[in-house]
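Enquirer: One structure, pasted below without further comment.
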Amino acid sequence: MRLVVAITGATGAVFGIRLLDVLRELGVETELCISRWGARTIEHETSVSVAEVQALATRSYGAMDQSAPISSGSYATDGMIIAPCSMRTVAAIAHGLSDNLVQRAADVVIKERRRLVVVAREMPLSEVHLDNLLRLARVGATVMPPVPAFYSHPTSIADIVDHVVMRTLDQFGINVEVQPRWDGALLRRVAASASD
């Protein structure tokens, strides 16, 4: 399997970094592109360097490198994950702009009808954001805001990040058990004790 991974300038660079880490552990080929502001966000929000993040990928390309293989539909991939995905990137992809490699790679994934997963990071969402996200959903993209699940009783930010990464990889049929999944057992126990 070969996936394109992009990290843009929205807060939450840790989602893309952890995603790369898990994919590397699984032996999945990754083609990485970090936007200019994605690089700044990595430096600001994490203790790892951009070079260390790039080293997690099989291959890494510059943000403006339109000659990269992932800018062509003839280069076979299984899809793309943008984590985190800024609203600027959402808007550009939704309107067919390809001003940088992240946008062009996403455009290729859409036109080739491959899977695109957008881990959209913004709050609150304006009507413009919602319209752009709807446009992406209508062309087949999966919009996955990084919403935590509390049924697994997370005890750290890492637990929340792992849950989002696990659910993101589910979209590609990659089953990783980095966090507990919902099984309804707790709810059944609560219901049983309430009926006693």
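The values are calculated or read from the model by the stated rules, or taken from the named source; none is laboratory data. Given the structure is predicted, the values throughout are model-derived calculations rather than measurements. We place every Cβ from the backbone using ideal geometry, glycine too, and count neighbours over all the protein chains shown.
Enquirer: What is the residue count in region 127-154 for residues that are in contact with a strand residue (DSSP E or B) (Cβ under 8 Å, 6 or more places away or on another chain) and hydrophobic (A, V, I, L, M, F, W, C)?
Expert: So the answer is 6.
Enquirer: Also, quick follow-up: Can you tell me which residues in region 112-155 are out of contact with any helix residue (DSSP H, G or I) (no Cβ under 9 Å at 6 or more places or on another chain) and small (G, A, S)?
Expert: Once the filter is applied, which keeps residues that are out of contact with any helix residue (DSSP H, G or I) (no Cβ under 9 Å at 6 or more places or on another chain) and small (G, A, S), region 112-155 yields only A137.
Enquirer: Has region 67-86 got at least one residue that is aliphatic (A, V, I, L, M), in contact with a helix residue (DSSP H, G or I) (Cβ under 7 Å, 6 or more places away or on another chain), assigned to a helix (DSSP H, G or I) and in contact (Cβ under 8 Å) with a residue 24 or more places away in the chain?
Expert: Within region 67-86, one or more residues are aliphatic (A, V, I, L, M), in contact with a helix residue (DSSP H, G or I) (Cβ under 7 Å, 6 or more places away or on another chain), assigned to a helix (DSSP H, G or I) and in contact (Cβ under 8 Å) with a residue 24 or more places away in the chain.
Enquirer: Given (1) aliphatic (A, V, I, L, M); (2) assigned to a loop (DSSP other than H, G, I, E, B); (3) over 30 Å from Q66 (Cβ atoms), identify the lone condition not met by A158.
Expert: Unmet for A158, out of (1) aliphatic (A, V, I, L, M); (2) assigned to a loop (DSSP other than H, G, I, E, B); (3) over 30 Å from Q66 (Cβ atoms): (2).
Enquirer: Before we move on, is E177 among the acidic types (D, E) and within 18 Å of the chain's Cα centre (by Cα)?
Expert: Considered against the rule, which asks whether it is among the acidic types (D, E) and within 18 Å of the chain's Cα centre (by Cα), E177 comes out as yes.
Enquirer: Would you confirm whether any residue within region 48-70 is at pLDDT 95 or above and touching a Phe, Trp or Tyr at 6+ places or on another chain (Cβ under 6 Å)?
Expert: So far as region 48-70 goes, yes, one or more of its residues are at pLDDT 95 or above and touching a Phe, Trp or Tyr at 6+ places or on another chain (Cβ under 6 Å).
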